[in-house]
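Contents: one structure, followed by commentary.
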């Protein structure tokens, strides 16, 4: 299994986007001391991400793809949340997928996709 690491800079924005909006769960957190950077794991279905405040743990502006079942229902749940910084649409691709791309507050791009062919 591959676990991507996304660089984050603001815990409040991170929680608002990943937990409240996208519906990821926090699996665990690690912090050496209260004033040290936070490192934690989030998951949604089979997808696992590591989010890090540590300097040098990835660069903002990364991109990943996550395969998901029932993308249309997931899209519908996002629209109901009325997150003010994102209004993603589903796109059909020439390679027989439907895709929905969101960008986190730190310019990391996540494309959720479902194979339709």
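Every number in this text was worked out from the coordinates using simple rules, so none of it is lab data. A quick note: this is a predicted structure, and the numbers were derived from the prediction, not measured. Here Cβ is always computed from backbone atoms with ideal geometry, including for glycine, and neighbour counts include all displayed protein chains.
List of remarks:
- Using the Stokes-Einstein relation with a Kirkwood hydrodynamic radius computed over Cα pairs, the translational diffusion coefficient of the chain at 10 °C and a viscosity of 1.306 mPa s comes to 106 µm²/s.
- For residue 3 and residue 82, a Förster radius of 41 Å and the Cβ-Cβ distance give a FRET efficiency of 0.85, rounded to the nearest 0.05.
- Measuring r between the beta carbons of residue 95 and residue 54 and using R0 = 30 Å, the FRET efficiency lands at 0.25.
- Packing-based ranking, highest mean first, of 54-66, 2-14 given that Cβ atoms within 10 Å are counted: 2-14, 54-66
- P(r) tail fraction, region 63-111 - alpha-carbon pairs more than 18 Å apart, %: 29
- Label-to-label distance, residue 64 versus residue 109, with points set 7 angstrom from Cα along the beta-carbon direction: 1.6 nm.
- Euclidean distance of C-alpha centroids, region 23-39 and region 40-54, integer Å: 10
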